[in-house]
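Asks: Following this message is one structure expressed as structure tokens.
The values are calculated or read from the model by the stated rules, or taken from the named source; none is laboratory data. These figures come from a predicted structure and were not determined experimentally. Here the Cβ is made from the backbone with ideal geometry for all residues, glycine too, and neighbour counts use every protein chain on show. These area figures cover heavy atoms from the full protein model, side chains too; ligands, DNA and RNA do not enter into them. Shrake-Rupley method; radii C 1.70, N 1.55, O 1.52, S 1.80 Å.
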Amino acid sequence: MNFERYQIKSYSEYLSKYKKSINTPDVFWEAVAEHFLWHKKWDSVCLGDFKNLDIRWFEGGQLNITENCLDRLIPTHKNKVALYFEPNNVETPTRQYTYQELLDEVCLFAHVLKNNGVKKGDRVCIYMSMIPEGIIAMLACARIGAIHTVVFAGFSAQSIATRIEDCGVSFVIVNNAGIRGEKKLYLKSIVDTALNLVSDKQLVRKVLVVKHTEDAVDMVSERDIWLHEEIAKVKDMGLSFFPAVVMEAEDMLFIMYTSGSTAKPKGVVHTVAGYMIYANYTFVNIYQIKEGHVHFCSADIGWITGHTYLVYAPLSAGVQSVLYEGTPTYPSPSRLWQIVEKYKVKSLILAPTTIRMLMTYGTKPIEQYDLSSLKVINSIGEPLNESAWDWVHNHIGNKHAAIVDSWWQTETGGIMISSFAGITPSQKSYSTLPFFGIVPILLNDFGAKIRESNVKGHLCIKQSWPAIVRTNYSDHDRFKETYFSKFPNYYYAGDVAMKDKKGFYRILGRADEVLNVSGHRIGSAELENTIASCEAVIETAVVSFHEDIKGEGIYAFVVLKPNYKDYLEIRNQIIDKVAQVIGSFAKPDKIQFVVGLPKTRSGKIMRRILKKIANNDIENIGETSTIIDASVIDDIIRNKQS
Ligand code: WT7
């Protein structure tokens, strides 16, 4: 790959190129798009704006993303490694795939999909742990033009069922079981439960099962098929290469469900061309990719970070990616460092929560490993607090690796505000500067632009960029309402941020009722609905509180029906319910049974007050005169969970 022509090399180049990118975005992005493989070039670069919300990029263009991630690389990267697989257990042999081998596997898998009736436009749900077949499944869908919706393997059967119904999934791919640390995840049996919950029994026609462990599973006849048997059939038929289905630039590539301020998760839709170009260009520039680069993204394929910076961007840039199956502390808290040393990893993506958790083990687990290959440490998903920044800088990056704090979202497709490793300045606690084409703006509550530095405001984006969410699946009104109604003509991110004198952005946290627990985005309404569905519960309010490792913990205030007094039992019921409906990662850390919730005269729960109480900030509770029954507050404070 010719990165020379494609990458910025200095801060001054960033500044001049940034100006061009926002003043003449069409010229800018067209030049980037020229580097890819197209069946037909685009007729226009960017159509649609934040007024009409019919956003289209590279319309008229035709391509397939897998040809850009695989076929395009074959002449130069045929025998170079695309993927290293590091299994959970140290004793299990590692696996690796060259670009040619990965292409071959994707082609076989695509034949399997086709033989089983999957067509362009069909929705395919992938519920898999971190194994190569998960990535191959995603790419096989993209090759055939099917729309994948990957559901993180920590979600419950109920969550899978909701997603399957929302976007009309007809085909599911799952591994029999997964392994993470000491734990086994019986994924196939969770899918079985999920499919029993889907009301239309005709909806999902087939379940393709990847045999990853020796664990036995029940196979439903006519519906369930084994991948290895289907591949054997493909080979018997003499099939190997699978010509990529030609896609329109704006055809859907995938749907990723994410939490918002309402109870129902929304299907964020990304389309082929704009997403691919933005993913690749952010990756190559921010991580300063060079020939032979080894990249290790520790995020799960079930989240947007996995989609963009573990699958599509690294492959499209021809790097060697490490896929790790297990947890950072298995079999010891040295595991990540051992992987970095083993593969000579140059760029590493870590969530702040993982950093804080590893910090609790001190520096001993790091000392015996050579981490000198590391050039870029990228923190994603939550604010990276100062002590975590210092720890990474001193002990992981050995003061020479660039610490890159990148802000973005499921909806933005790729990184939006970030330093460029070693090129633009980096500053503790700041995500710093916008990427090319991104125009952030801070607005006050009334929608006026904040001009002063160091004043908090709502982070919004002023103009379209190639990887912006196009719609919410089958609910364009909700898309308009969520992102473009609070401040008309701006994309509303839901985060609060400020800007310093140099113009560097600092992200402070969510402004809406979305919690960020260990980097997992959880809607408080989603949790409240779930808790309120317990027999004993009348109503509930969920807020976050500061928690040292997870960043935010979940605090639930719960009002019980009269005569329900078995608190311990009810507590367990609530926790089980959340695990069952959403997933174990969303379990409340603290549950307090209260006599009532503070409400305004119009009946709105005053979460602001509950949040202060949960954070022990009782002196600063503020105005309470609008509450109907202020005595509930005294009760809540008196019985607060420590
Ligand atoms: C929310 C998006 C970034 C992709 C993975 C999460 C928070 C993200 C940062 C950062 C502070 C951050 C925001 C954002 N967030 N990156 N560098 N500093 N906060 O994607 O699940 O869609 O969550 O994560 O609150 O809105 P997501």
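Asks: Being in a loop (DSSP other than H, G, I, E, B) and crowded, with 20+ Cβ neighbours inside 10 Å is the filter here; which residues of the stretch 237-249 pass it?
Replies: The first filter runs over the stretch 237-249 and keeps only residues in a loop (DSSP other than H, G, I, E, B), leaving 237-246, 249.
Phe242, Ala244, Ala249, listed by residue number.
Asks: Evaluate the stretch 34-44: report whether one residue or more is surrounded by fewer than 17 Cβ atoms within 10 Å (Cβ to Cβ), without any contact (Cβ under 8 Å) to a residue 60 or more places away in the chain and closer than 29 Å to Lys480 by Cβ.
Replies: yes
Asks: Here's something else I'd like to know. Need pairs with beta-carbon distance below 7 Å; first residue among the hydrophobic types (A, V, I, L, M, F, W, C) and within the stretch 231-247, second in a loop (DSSP other than H, G, I, E, B); sequence gap 6+ or separate chains.
Replies: Ala244/Asn64; Val245/Asn64; Val245/Lys120; Val245/Gly145; Val246/His39; Val246/Asn64; Met247/Asn64; Met247/Gly145
Asks: Okay, moving on. Of all residues in the stretch 269-316, how many are among the small types (Gly, Ala, Ser) and more than 14 Å from the ligand (Cβ to nearest atom)?
Replies: From the stretch 269-316, those among the small types (Gly, Ala, Ser) are 273-274, 279, 292, 298-299, 302, 306, 313, 316; that's our starting set.
Those still in the list that are more than 14 Å from the ligand (Cβ to nearest atom) too: 273-274, 292, 316.
Total meeting the criteria: 4.
Asks: Of all residues in the stretch 267-296, count the ones that are touching a Gly at 6+ places or on another chain (Cβ under 7 Å) and open to solvent by less than 10 Å² (accessible area, probe 1.4 Å).
Replies: 6
Asks: Let me ask something additional. Picking from Gly48, Gly61, which residue would you name as being buried (at least 21 other Cβ atoms within 10 Å of the Cβ) and within 30 Å of Tyr490 (Cα to Cα)? Don't jump to the end; show me each part of the working.
Replies: Details: Gly48 fails: buried (at least 21 other Cβ atoms within 10 Å of the Cβ).
The conditions single out Gly61.
Asks: Taking Asp104 as the residue in question, decide whether it is acidic (Asp, Glu) and free of Cβ contacts under 8 Å to residues at least 12 places away in the same chain. Don't jump to the end; show me each part of the working.
Replies: Numbers: acidic (Asp, Glu): yes; free of Cβ contacts under 8 Å to residues at least 12 places away in the same chain: no.
So Asp104 fails the test.
Asks: Give me the residue from the stretch 366-395 that is part of a helix (DSSP H, G or I) and touching a helix residue (DSSP H, G or I) at 6+ places or on another chain (Cβ under 7 Å) and, out of that set, farthest from the ligand (Cβ to nearest atom).
Replies: The initial filter retains those residues of the stretch 366-395 that are part of a helix (DSSP H, G or I), namely 366-367, 386-395.
With touching a helix residue (DSSP H, G or I) at 6+ places or on another chain (Cβ under 7 Å) added as a condition, the list becomes 366, 388, 391-392, 395.
Working: Ile366: 23, Ala388: 12, Trp391: 17, Val392: 13, His395: 20 Å.
It comes out as Ile366.
Asks: Right, something else. Failed condition for His293, given (1) over 30 Å from Gln62 (Cα atoms); (2) touching a Ser or Thr at 6+ places or on another chain (Cβ under 8 Å), with all others met?
Replies: Every condition holds for His293 apart from (1).
Asks: Also: Kindly indicate whether any position in the stretch 549-558 is touching a residue at least 60 places away in the same chain (Cβ under 8 Å), in a loop (DSSP other than H, G, I, E, B) and either surrounded by fewer than 17 Cβ atoms within 10 Å (Cβ to Cβ) or touching a helix residue (DSSP H, G or I) at 6+ places or on another chain (Cβ under 8 Å) (or both).
Replies: Taking every residue of the stretch 549-558 in turn, at least one turns out to be touching a residue at least 60 places away in the same chain (Cβ under 8 Å), in a loop (DSSP other than H, G, I, E, B) and either surrounded by fewer than 17 Cβ atoms within 10 Å (Cβ to Cβ) or touching a helix residue (DSSP H, G or I) at 6+ places or on another chain (Cβ under 8 Å) (or both).
Asks: Residue check: is Val439 away from the ligand (no atom under 16 Å from the Cβ), modelled with pLDDT of 95 or more and β-branched (Val, Ile, Thr)? Give the steps one after another, and end with the answer.
Replies: Values: away from the ligand (no atom under 16 Å from the Cβ): yes; modelled with pLDDT of 95 or more: yes; β-branched (Val, Ile, Thr): yes.
Yes.
Asks: Let me ask you something else. Just to be sure I understand, how many residues within the stretch 531-554 are among the hydrophobic types (A, V, I, L, M, F, W, C) and out of contact with any strand residue (DSSP E or B) (no Cβ under 8 Å at 6 or more places or on another chain)? If you could, list the steps in order and put the result at the bottom.
Replies: From the stretch 531-554, those among the hydrophobic types (A, V, I, L, M, F, W, C) are 531-532, 534, 536-538, 541-543, 545, 549, 554; that's our starting set.
Cutting the leftovers down to out of contact with any strand residue (DSSP E or B) (no Cβ under 8 Å at 6 or more places or on another chain) gives us 534, 549.
Total meeting the criteria: 2.
Asks: Among what's in the stretch 530-548 and is among the hydrophobic types (A, V, I, L, M, F, W, C) and outside any strand (DSSP E or B), pick the residue that is surrounded by the most Cβ atoms within 10 Å (Cβ to Cβ). Talk me through it step by step, then tell me what you get.
Replies: Filtering the stretch 530-548 down to residues among the hydrophobic types (A, V, I, L, M, F, W, C) leaves 531-532, 534, 536-538, 541-543, 545.
From what's left, outside any strand (DSSP E or B): 531-532, 534, 536.
Values: Ile531: 24, Ala532: 17, Cys534: 19, Ala536: 19.
Here the answer is Ile531.
Asks: In the stretch 142-163, which residues are of a type outside the set (Val, Ile, Thr) and free of Cβ contacts under 8 Å to residues at least 40 places away in the same chain?
Replies: Residues satisfying the conditions are Ala146, Ala161.
Asks: Give the stretch 68-99 a look and list any residue that's crowded, with 21+ Cβ neighbours inside 10 Å and either assigned to a loop (DSSP other than H, G, I, E, B) or of a type in the set (D, E, K, R) (or both), or say none.
Replies: The answer is Leu70, Glu86, Asn88.
Residue by residue, here is whether (1) assigned to a loop (DSSP other than H, G, I, E, B); (2) within 16 Å of the chain's Cα centre (by Cα); (3) surrounded by fewer than 22 Cβ atoms within 10 Å (Cβ to Cβ); (4) within 15 Å of the ligand (Cβ to nearest atom) holds:
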site	(1), (2), (3), (4)
Lys399	yes, no, yes, no
Asp405	no, yes, no, yes
Gly414	yes, yes, no, yes
Pro425	yes, no, yes, no
Tyr430	yes, no, no, yes
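Asks: Let me ask something else. Of the residues Ile225, Ile277, Ile255, only one is farther than 16 Å from Thr149 by Cα and in contact with a helix residue (DSSP H, G or I) (Cβ under 7 Å, 6 or more places away or on another chain); which? Break it down into steps so the answer makes sense when it comes.
Replies: Numbers: Ile225 fails: in contact with a helix residue (DSSP H, G or I) (Cβ under 7 Å, 6 or more places away or on another chain); Ile255 fails: farther than 16 Å from Thr149 by Cα.
Every option except Ile277 fails the conditions.
Asks: Only one of Ala421, Ala317 is over 20 Å from Phe585 (Cβ atoms), small (Gly, Ala, Ser), in contact with a helix residue (DSSP H, G or I) (Cβ under 6 Å, 6 or more places away or on another chain) and at pLDDT 95 or above; which?
Replies: Numbers: Ala421 fails: in contact with a helix residue (DSSP H, G or I) (Cβ under 6 Å, 6 or more places away or on another chain).
Every option except Ala317 fails the conditions.
Asks: Same structure again: Could you list all residues from the stretch 479-519 that are on the phi > 0 side of the Ramachandran plot and either in a strand (DSSP E or B) or more than 15 Å from the ligand (Cβ to nearest atom) (or both)? Walk me through how you get there before you give the answer.
Replies: Our first condition is that a residue be on the phi > 0 side of the Ramachandran plot; within the stretch 479-519, this holds for 489, 494, 503, 509, 518-519.
If the condition is that a residue be on the phi > 0 side of the Ramachandran plot and either in a strand (DSSP E or B) or more than 15 Å from the ligand (Cβ to nearest atom) (or both), then Asn489, Gly494, Gly503, Gly509 are the ones that fit.
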